[in-house]
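The values are calculated or read from the model by the stated rules, or taken from the named source; none is laboratory data. If you're wondering where the values come from, they're calculated on a predicted model, not measured in any experiment. A quick note on method: Cβ atoms are made from the backbone with ideal geometry, for glycine too, and the neighbour counts reach across all protein chains shown. To get the accessible areas, we keep the full protein, side chains included, count just its heavy atoms, and leave off ligands, DNA and RNA. Shrake-Rupley method; radii C 1.70, N 1.55, O 1.52, S 1.80 Å.
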Amino acid sequence: MEKVGQKTWRGILVYLEWEGEAFHPVSYELLSEARRLSKISKEPVYAVGIGKEIHQGVSLLKNCGAQKVILCQTSQIYQSEEYARIFEMYIRRLCPGTVLMGGTMEGRALAPRLAVRFRTGLTADCTKLEMEEDGCLVQIRPAFGGNLMAKIVTETARPQFATVRPGVMEREEFPGEICQFQLDTENGTEGRMKVLTEEVLDQGDHITDARLLVVAGRGVKKREDLELLRKLAESLGGRLASSRALVEKGWMQPKDQIGLSGNTVHPDYMFTFGVSGTVQFMAGMRNTHHIVAVNTDPEARIFQIAHDPICADLYEVVPKLLRQGGIC
Ligand SMILES: Cc1cc2nc3c(=O)[nH]c(=O)nc-3n(C[C@H](O)[C@H](O)[C@H](O)COP(=O)(O)OP(=O)(O)OC[C@H]3O[C@@H](n4cnc5c(N)ncnc54)[C@H](O)[C@@H]3O)c2cc1C
């Protein structure tokens, strides 16, 4: 077992997720969070990125907040086994006390593999992180279906692995700071898999990037009725999203779901229709700037956080709004 030892395992390492031409936004959010945490434990912040053509990313990491960045160029695009092997090598070299990774497809595939290799703990989908002066990371996340917040620490092993979903932490810039870059090329084996063709699928806009969201909940009675809300979203220049209730019905896609087991969003404006406001839903939208909620139940929980609570039937409100050409 890799024992706790502050002298050996020190520093906060962020995994930079390379998307071909840019880093995933969660990489910057984690770097900012690492900097905030490092102020308490007085540790250095490192960043490691692995990917094809990743050397192009140097200019994108100015003011990123890390003291040292290592970019490792590979001949192949992302593969879990191969990238886990390379990242493990850098973790062993840098010996960080903490490793932060995005709660993305890539992070979710890599983090458990690495935690097993180091025989240490991993807390997935943290919603808050706290640091103690001795470098002990307090990993906070909803537990028991979101009904309580668990504080998790890794007492007897290092590094401490944590994943955080995109949009949960705030991004900051650290202008004028000197960052040391190291550019490597991976010349090792090419792994057991070989990529024969590469195709980038058009994933369209994502709700996590939208500045305005219209959100449909179980109050929507028929699948066809979603078209009214989609029209409203379009007329307002936003996107349609939903609670899990409609994803479970198969009316909306998991990528459109807000909440604990969905996406964390932080739009400027959110209009909810027939959403009750369960803790699991609200776990994904607390940072919304302005919330307008339409619900027939005056006791609906969503009204506790809505800036404009409207106690009304969505089937009366939505057509009126569409006739007016949106919300003024
Ligand atoms: C581990 C776990 C993870 C979960 N993760 C998520 C998650 O990520 N996201 C998520 O959303 N849920 C999640 N859930 C499910 C969650 O508990 C709720 O089931 C879900 O959020 C309910 O969605 P809703 O608000 O649309 O439906 P409901 O709670 O059923 O609310 C429907 C609302 O519509 C109102 N209404 C009805 N008719 C009308 C009308 N005509 N006009 C206006 N209002 C009307 C009702 O008054 C009611 O308040 C999770 C649950 C668990 C256990």
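Going through segment 281-300 one residue at a time, which ones are touching a strand residue (DSSP E or B) at 6+ places or on another chain (Cβ under 9 Å) and farther than 23 Å from GLY238 by Cα?
Residues satisfying the conditions are THR296, ASP297, PRO298, ALA300.
Rundown of residues vs (1) outside the structural domain of TRP18 (by TED's automatic domain parsing); (2) within 25 Å of PHE281 (Cα to Cα); (3) open to solvent by less than 10 Å² (accessible area, probe 1.4 Å), yes/no style:
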| position | (1), (2), (3) |
| --- | --- |
| ILE54 | no, no, yes |
| LYS62 | no, no, no |
| GLY65 | no, no, yes |
| LEU71 | no, no, yes |
| ILE91 | no, no, yes |
| THR127 | no, yes, no |
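Condition first: over 27 Å from ILE86 (Cα atoms) and touching a residue at least 12 places away in the same chain (Cβ under 8 Å). Can you find one or more residues in segment 179-191 that meet it?
no
Go through segment 191-238 residue by residue and tally those that are modelled with pLDDT of 80 or more, of a type in the set (D, E, K, R) and more than 23 Å from PRO166 (Cβ to Cβ).
10
Could you please let me know if ILE305 is open to solvent by less than 60 Å² (accessible area, probe 1.4 Å), of a type in the set (A, V, I, L, M), within 22 Å of the chain's Cα centre (by Cα) and more than 9 Å from the ligand (Cβ to nearest atom)?
In short, no.
The rows are residues; the columns are (1) polar (S, T, N, Q); (2) surrounded by 14 or more Cβ atoms within 10 Å (Cβ to Cβ); (3) part of a loop (DSSP other than H, G, I, E, B).
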| residue | (1), (2), (3) |
| --- | --- |
| THR120 | yes, yes, yes |
| ALA124 | no, yes, no |
| GLU130 | no, yes, no |
| VAL138 | no, yes, no |
| LYS151 | no, no, no |
| GLU155 | no, no, yes |
| ALA162 | no, yes, no |
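Give the residues of segment 203-233 that are open to solvent by 10 Å² or more (accessible area, probe 1.4 Å) and within 19 Å of GLY277 (Cα to Cα), sorted by residue number.
Answer for segment 203-233, where residues must be open to solvent by 10 Å² or more (accessible area, probe 1.4 Å) and within 19 Å of GLY277 (Cα to Cα): THR208, LEU212, ARG218, GLY219, LYS221.
Checking the conditions here, which among THR296, THR288, THR264 is β-branched (Val, Ile, Thr) and touching a Lys or Arg at 6+ places or on another chain (Cβ under 7 Å)?
Only one candidate passes the filter, namely THR264.
Yes/no per residue for (1) free of Cβ contacts under 8 Å to residues at least 60 places away in the same chain; (2) surrounded by fewer than 21 Cβ atoms within 10 Å (Cβ to Cβ); (3) of a type in the set (Val, Ile, Thr); (4) over 15 Å from LEU213 (Cα atoms):
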position	(1), (2), (3), (4)
ILE258	yes, no, yes, no
ASN263	no, yes, no, no
THR272	yes, no, yes, no
HIS290	yes, yes, no, no
THR296	no, yes, yes, yes
GLU299	yes, yes, no, yes
ASP313	yes, yes, no, yes
